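Written below as structure tokens is the structure these notes are about.
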Amino acid sequence: HDDCSLSKIQMEMPDLSANTVIDHPRALTDKIALIRDAGPSKFQVIADFDATLTKYRVNGVRGQTSHGLLQQGNADYDAKRQALYEHYRPLEISPVIPIEEKTKLMEEWWGKTHDLLIEGGLTYDAIKKSVADSSIAFREGVTELFEFLEKKEIPVLIFSAGLADVIEEVLRQNLHRTFKNVKIVSNRMVFDDDGRLVSFKGKLIHVLNKNEHALDMAAPLHDQLGVDGNEENEGNAYVKQRTNVLLLGDHLGDLRMSDGLNYETRISVGFLNDNIEKSLESYRKAFDLVYLNDASMWGALELVSQLF
Ligand code: TMP
């Protein structure tokens, strides 16, 4: 690229205001060109859910997560899960616990929480009500981003260590429609005929393993991906052949969401929601593009509409 085309693309770049930080504009424009040339059939979007697709703050207070919003309709069990949160959350964010030990602790936390949800008799109706009563909101532009990608038949994988069924209900209630190109890779519940939770499907996804084999975890979703046939890994092949990626996250660890993919070109977008002064240096080095201050999704939409 000569400087002329570089500045042209920069001018076209979304929301290039004080809220956007791009460490290497030229590297970004090169990636844009590569992804554009390969075409939409080679492209997918991988997004974190909490505080990436959703707002960090809702009406001035910290927005809720898929776990945080869930009220079982059984106060004892809600209190038990809250007590677990108070015990394990400081361990999750502790910088001094070795990773193997922390992994065991996180397996313990998720396991106990899932057991409490089953024991406490969680129903699908309670999920619907919890979501209706929650303070959770998508960033502006998320619907439009999904619509754009749907038209272009580009898949969106949402990775979360939260609860798939809750996330899907949040999508349904807040976006007022479903998208056949949007898939959730998260902990999925099994309900009996009375709509009561009886078990969880597949491998437990917690905060430390969510990125390890994230793409492999997408494999059992082949049925939902609208892929014909019943081979276990067809959904996986469907996403694995799309080797150009737009990755959306709010933590440095989210960059690992594309680990299972032997990607060719990746554009990473980081939402830096909090502790901006302390974290900006590491975010700007790690992500191609950083949005500050609980930004909207318009920038990401603008970016993909420049691609295709
Ligand atoms: P994620 O949304 O970044 O994938 O991570 C899920 C978060 O859920 C993680 O930070 C811890 C939190 N969590 C709860 O709030 N309550 C729970 O019961 C569990 C197991 C996790």
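Nothing in this text is a laboratory measurement; each read-out follows from the coordinates by a stated rule. Since we're looking at a predicted model, the values are computed, not measured. Here the Cβ positions follow ideal geometry from the backbone for every residue, glycine too, while neighbour counts run over all protein chains shown.
Excluding Leu248 itself, calculate the net charge of residues whose Cβ lies under 13 Å from the Cβ of Leu248, where each Lys or Arg counts +1 and each Asp or Glu counts -1.
Working: positive: Arg139, Arg266; negative: Asp48, Asp50, Asp250, Asp254, Asp288.
Result for the neighbourhood of Leu248: -3.
How much net charge surrounds Asn187 when only the other residues with a Cβ under 11 Å from the Cβ of Asn187 are counted, with Lys and Arg +1 and Asp and Glu -1? Before the final figure, lay out the partial values.
Working: positive: Arg188, Lys201, Lys203, Lys210; negative: Asp165.
Once all neighbours under 11 Å are counted, the net charge is +3.
Using a 10 Å cut-off on Cβ atoms, rank the peptides 99-109, 30-40 from the highest mean neighbour count down.
Details: 99-109: 14.6, 30-40: 16.2.
So the peptides 99-109, 30-40, ranked by packing, come out 30-40, 99-109.
Would you mind checking which residues have amide H under 5 Å from Asp250's amide H? H placed 1.01 Å from N; only 5 or more apart, or other chain.
For Asp250, whose amide H was placed from the backbone, the distant partners under 5 Å are Phe271.
Determine the dipole magnitude for segment 69-119: charges of +1 sit on the beta-carbon of Lys and Arg, -1 on that of Asp and Glu, nothing else is charged, the reference point is the Cα centre, and the result goes in debye to the nearest 20.
Roughly 100 debye, rounded to the nearest 20.
Skipping prolines and chain starts, which residues have an amide H placed within reach, meaning under 5 Å, of the one on Arg266, given they are 5 or more residues away or on another chain?
Here Val245 satisfy the definition.
How much net charge surrounds Phe138 when only other residues with a Cβ under 15 Å from its Cβ are counted (Lys, Arg +1; Asp, Glu -1)? If you can, show how the numbers build up before the last one.
Details: positive: Lys55, Arg57, Arg139, Arg172, Arg177; negative: Asp48, Asp50, Glu140, Glu144, Glu147, Glu168, Glu169, Asp250, Asp294.
Its environment carries a net charge of -4.
For the pair Lys129/Thr103, report the inter-label distance in nm, with labels modelled 7 Å from Cα in the Cβ direction.
Here the modelled spin labels are 4.0 nm apart.
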